[in-house]
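Before any comments, here is the structure.
The values are calculated or read from the model by the stated rules, or taken from the named source; none is laboratory data. Note that this is a predicted model, so its numbers are computed, not measured. Please note: Cβ atoms are built from the backbone with ideal geometry, for glycine as well, and neighbour counts cover all protein chains shown. Please note that ligands, DNA and RNA were not included when accessible areas were found on the heavy atoms of the full protein model with its side chains. Shrake-Rupley method; radii C 1.70, N 1.55, O 1.52, S 1.80 Å.
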Amino acid sequence: MKQFLNFLKQRSLALRLAFASALFGLVVVGGATAVGFWTLSNQLDERAEAEMDGRRRLLIHILLEVPNRQAIGGSTDRFAELFYGHDDLHLAILEPDGGALIAGFSDIGVESVAALRKAAARPSGLHTWRRAGGERFSGIHGAAGLADGSKVDFYLSVDRARDSRLLGGFLKATLIALPLLLIVVAAGAGLIARTGLAPLRRFNQLAASIGTKSLNRRLSMAGLPVELASTAAEFNAMLERIDEGYHKLEDFAGDLAHEMRTPVATLLGRTQVALSRHRSGDELRAVLEGNVEELERLSALIGDMLFIARAEHSVVPIERAAVDLALEARRVADYLSTIAEEKSLTLDVRGSAPSLQADRLMIQRAITNLLSNAIRHAEKGSRIDVDVGRAGKTAALAVSNVGESISPADQERIFERFYRVDQGRARDQGGSGLGLAIVRSIATLHGGTIAVASAAGRTTFTLSLPVADEARP
């Protein structure tokens, strides 16, 4: 049985449903057969009892016309009406209270006396028994009066062979039809299952056709049953995410190659020039110092990329501690004040916010990137405002500067890796296009958000982070 179940597990779903339907059909038909057999048997018993009751009344009427007990044996013609059309009927007449046999119409009629006496049936009751050969009989007994006023006991029985043949025929027909019926049920269930599972073949065909060049394909929702509609929607959503992730990966690979090509080309060019002829020690030192600068930039680029990649997969460890957002903003502002003074910029930090449960170094890095970006793009001689406050359950830090506005199209992509609003100036000013992407990663790791708004020459980046749970011990 276990091997058969394992075999079914390896078969198609349609075959499993067909087998399950056949098994269920067997149980249902078996139960229906048992109920039908029981009902038919009861109906035959009721019919036999009704017929025997009619024969009993007719027998009593016949006996009332018999002059005396001695005339019973010679009055066979009187009893012809009783046996007309009922060759399976048997009769024995005895003297009252278990007296001697007066007349016996067939040996079986006499034999039934003992069976009916043993059953102690009521005069109107029907008793059923089987002979030694297995034949089934039913009978009743009672008392009747004769014309002279004397009494006799009668024992009336009927051979139930026809009923037994009817019940046997019912069982035989059922057993013959049952396998054919189960085959039809199994075939029908298999066909229905195969037809019903046809929409699943769409999933199979689409999955088989998906490749790197066909990620834009989607499963058609037309004609899908309700049970599969939600699955199809989730399947399409999964393909959408895969397609989006694949294109992001392609863009990332292209951007990374582009970003690394410049410092590598610079290193290669400088080294080749230095080796083209004999150089003095000071000249070689100058080349090596330039190479170190490019290598540091390349190392920083690789480090930033690793951080973003790990942050996107939530594998960056966060060392949470109480962090004062306003205090950290002032520390970063003091650190960058020298760079701001070179462009005649003023850094103004205002406001306060509840304590955060966050990674202090990451928060400092996010604020540094926002302020560095503001310093890079602010107009000379302007002021950079840093406003710290609370907005509902979050602490917000807004960095605002006056300068060239960011277009709506650029605002949608400004937090992407390697994206620069000003492609021409970014590298000259030291930007790699990863600063804002790192800010977004840090915000996401802490359950916060980063947003930008730019209009009329003023640009504001707002970092929102959840405040510490006041109930936390």
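Give me the pairs, please: first residue somewhere in region 351-363 and touching a residue at least 12 places away in the same chain (Cβ under 8 Å), second residue anywhere and in a loop (DSSP other than H, G, I, E, B) and among the small types (G, A, S), beta-carbon distance under 7 Å, and either six or more positions apart or on two chains.
Once the first residue is touching a residue at least 12 places away in the same chain (Cβ under 8 Å) and sits in region 351-363, its partners that are in a loop (DSSP other than H, G, I, E, B) and among the small types (G, A, S) give P354/A468; S355/A468; L356/A468; Q357/A468.
Using the structure shown, decide if S138 is assigned to a helix (DSSP H, G or I) and closer than 29 Å to G85 by Cα.
So S138 fails the test.
Do you know which residues across region 348-369 are part of a helix (DSSP H, G or I), closer than 12 Å to L325 by Cβ and of a type in the set (A, V, I, L, M, F, W, C)?
Of everything in region 348-369, those that are part of a helix (DSSP H, G or I), closer than 12 Å to L325 by Cβ and of a type in the set (A, V, I, L, M, F, W, C) turn out to be I363, A366, I367.
Looking for whichever is at positive phi and free of Cβ contacts under 8 Å to residues at least 60 places away in the same chain here; the options are S276, S344. Which one fits?
Every option except S344 fails the conditions.
Being of a type in the set (G, A, S), within 30 Å of A114 (Cα to Cα) and not in a loop (DSSP other than H, G, I, E, B) narrows it down to one of A207, A144, A186, A229, so name that one.
Only one candidate qualifies: A144.
Quick test for you: out of E404, E379, E412, pick the one residue that is at pLDDT 90 or above, open to solvent by 60 Å² or more (accessible area, probe 1.4 Å) and acidic (D, E).
Within the list E404, E379, E412, the selection yields E379.
I'd like to check something: does region 324-332 contain any residue that is within 24 Å of A395 (Cα to Cα) and not in a helix (DSSP H, G or I)?
Yes, region 324-332 contains a residue that is within 24 Å of A395 (Cα to Cα) and not in a helix (DSSP H, G or I).
Within region 150-173, does at least one residue satisfy the condition of being open to solvent by 30 Å² or more (accessible area, probe 1.4 Å), among the aliphatic types (A, V, I, L, M), part of a helix (DSSP H, G or I) and more than 29 Å from S41 (Cα to Cα)?
no
Restricting to region 443-473, name every residue that is among the aliphatic types (A, V, I, L, M) and modelled with pLDDT of 90 or more.
Result: A443, I450, A451, V452, A453, L463, L465.
Kindly indicate whether L284 is more than 30 Å from G211 (Cα to Cα), modelled with pLDDT of 85 or more and open to solvent by less than 80 Å² (accessible area, probe 1.4 Å).
no
Of the residues in region 114-149, how many are surrounded by fewer than 13 Cβ atoms within 10 Å (Cβ to Cβ), modelled with pLDDT under 85 and of a type in the set (D, E, K, R)?
3
Residue by residue through region 230-247, note down the ones that are of a type in the set (A, V, I, L, M, F, W, C) and surrounded by 12 or more Cβ atoms within 10 Å (Cβ to Cβ).
Across region 230-247, the qualifying residues are A232, A233, F235, L239, I242.
Kindly indicate which of A326, A265, A321, A311 is among the aliphatic types (A, V, I, L, M), at pLDDT 80 or above and buried (at least 17 other Cβ atoms within 10 Å of the Cβ).
The match here is A326.
If you check E227, E250, which single one turns out to be without any contact (Cβ under 8 Å) to a residue 24 or more places away in the chain and open to solvent by 90 Å² or more (accessible area, probe 1.4 Å)?
E227
Among the residues of region 347-365, is any open to solvent by 20 Å² or more (accessible area, probe 1.4 Å) and in contact with a Ser or Thr (Cβ under 7 Å, 6 or more places away or on another chain)?
There is at least one residue in region 347-365 that is open to solvent by 20 Å² or more (accessible area, probe 1.4 Å) and in contact with a Ser or Thr (Cβ under 7 Å, 6 or more places away or on another chain).
Within region 283-328, work out how many residues are of a type outside the set (G, A, S) and within 16 Å of N369 (Cα to Cα).
8
Can you tell me which condition S106 does not meet? The list is (1) in contact (Cβ under 8 Å) with a residue 60 or more places away in the chain; (2) out of contact with any Gly (no Cβ under 7 Å at 6 or more places or on another chain); (3) among the small types (G, A, S), and all the others hold.
For S106, the exception is condition (1).
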